[in-house]
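So the structure is just underneath, and the comments pick up after that.
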Amino acid sequence: MTTVDLAHARDIAEAAARAGGAVLAATDRTQIDVHLKDERVDLTTSADAASQEAAVTAIRAAFPDHTVVGEEGTVPGSDSRHVWYVDGLDGTSNFTHGLPWFCVSVALRIDGAAAAGAVHDPVHDELFSAARGLGATCNGHPLTTGGPDEIRRAVVATQVQTSDPSRIARFTRELEALMNACGGVRFLGAPALLLSHIAAGHLTAYVEREMPPWDISAGQMILTEAGGRLTDLDGTDVDTAAVTDVVATNGRIHDALLAAFPR
């Protein structure tokens, strides 16, 4: 079975992310259907499903044998090596409340490892994309991580999406540790967009537990191609599609952030 050309895969990821973004841009958020996945905080909407459908259509037109795994459901394919991961609306809560921080995330993983991906922010019309060994860009301009070399100057994003009291309690302990170690902590949502903005040098790092592949695969590709790092809490590179804890940085403060984060 032949591995796809990565530049072509990146182009398809871009097209799919833009297709989903166009759906979101045209959606009247006051008219969407909203459903809770848990007691009160985990949302899905009709916009999530419509955006994912547009992205999947673009992917399957180019790669009809590939499986597409999305937050809103899976489209099976005969090729088990090439699997696409799609989040049609990363930042659903932000979107439903009218906060302009959400995106579409599309990525290809080959044999489990991130290979190409794109993240489209339809509010600002920013398209972040990358492919393994080919670098990362935003609207065609090369990306390189920046920011401080010291954790005490770092601006770190973190978050938790849960109504489970025990997970909330653990998060508050982790937040205290980050606030004591870092220069600032932000709660923005939309992990794929967070990872893209670390790649662009606008944030220093991001930490979150138990992340599914549709949330991080595209952002991981963009970040690492821009010179950053993404590992689990043990410092091991993430090279599978398994749910994982995520520590993502500009590369310069990675070890210090790992040491500061409580286990």
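Since every read-out is calculated from the coordinates, none of them should be taken as a lab result. Only a predicted model underlies this, so the values are computations on that prediction, with no experimental measurement involved. Cβ placement follows ideal geometry from the backbone for every residue including glycine, while neighbour counts extend to all protein chains displayed.
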Check: Along the charge dipole of the range 6-142, Cβ charges K/R +1 and D/E -1, which of 85, 36, 117 sits furthest on the positive end?
Finding: 117
Next item on the list: Give me the net charge of residue 170's neighbourhood, meaning all other residues with Cβ under 13 Å from the Cβ of residue 170; Lys, Arg count +1, Asp, Glu -1.
Entry: -2
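Considering only DSSP states other than H, G, I, E and B, which chymotrypsin sites (Phe, Trp or Tyr not before Pro) in the range 54-106 qualify as loop sites with at most 16 other Cβ atoms within 10 Å?
none
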Item checked: Lys/Arg +1, Asp/Glu -1 at C-beta; the chain dipole; positive extreme among 250, 3, 192 -> 250
Margin query: Under the rule of at least 5 residues apart or a separate chain, name every residue whose amide H is placed under 5 Å from the amide H of residue 245.
Written below: 210, 211, 233
Next item on the list: Pop out the ³J(HN,Hα) list for the range 123-136 in order, Karplus 6.51 cos²θ - 1.76 cosθ + 1.60 with θ = phi - 60°, rounded to Hz; leave Gly and Pro as x.
Entry: 5, 9, 6, 10, 10, 8, 7, 6, 9, 4, x, 10, x, 10
Margin query: Using helices alone, I'd like the mean residue ellipticity at 222 nm for the chain: each DSSP H run of four-plus residues gives -39500 (n - 2.57), total over residue count, nearest 500.
Written below: -10500 deg cm²/dmol
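Chymotrypsin sites (Phe, Trp or Tyr not before Pro), restricted to the range 168-263: which are DSSP loop and have at most 13 other Cβ atoms within 10 Å?
Here the sparse-neighbourhood loop sites are 187.
Where does the charge balance sit around residue 147 when Lys and Arg score +1, Asp and Glu -1, over other residues with C-beta under 9 Å from its C-beta?
Here the count lands on +1.
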Check: Exposure proxy check: 195, 24 ranked by fewest other beta carbons within 10 Å?
Finding: 24, 195
Next item on the list: With the Cα gyration tensor of the range 6-142 in hand, convert its eigenvalues to equivalent ellipsoid semi-axes via √(5λ) and list them largest first in whole Å.
Entry: 25, 18, 12
Note to self: Based on alpha-carbon centroids, what's the gap between the range 198-215 and the range 91-146 in Å, whole number please?
What the structure shows: 11 Å
Next item on the list: Note the per residue figure in Å³ for the convex hull of the C-alpha positions in the range 151-260.
Entry: 91 Å³
Next item on the list: Go through 179, 105, 228 and say which Cα lies farthest out towards the positive end of the charge dipole of the chain; charges sit on Cβ, +1 for Lys and Arg, -1 for Asp and Glu.
Entry: 179
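Tally Lys and Arg at +1 and Asp and Glu at -1 over the other residues with C-beta under 14 Å from the C-beta of residue 253: what net charge comes out? Let's see the in-between values first.
Details: positive: 152, 153, 229, 252; negative: 149, 150, 255.
Taking every other residue near residue 253 into account, the sum is +1.
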Next item on the list: Could you calculate the FRET efficiency of residue 134 with residue 74 from 1/(1 + (r/R0)^6), where r is the beta carbon distance between them and R0 is 45 Å, rounded to 0.05?
Entry: 0.95
Margin query: So if I place +1 on the C-beta of Lys and Arg and -1 on the C-beta of Asp and Glu, and nothing else carries charge, what would the dipole magnitude of the range 6-142 be about its Cα centre? I want it in debye, nearest 20.
Written below: 340 debye
Next item on the list: Rounding to the nearest 20 debye, state how big the charge dipole of the chain is about its Cα centre with +1 on each Lys and Arg Cβ and -1 on each Asp and Glu Cβ.
Entry: 500 debye
Note to self: As an exercise, identify the GluC sites (Glu not before Pro) in the range 124-232 lying in DSSP coil whose Cβ has no more than 13 other Cβ atoms within 10 Å.
What the structure shows: 150
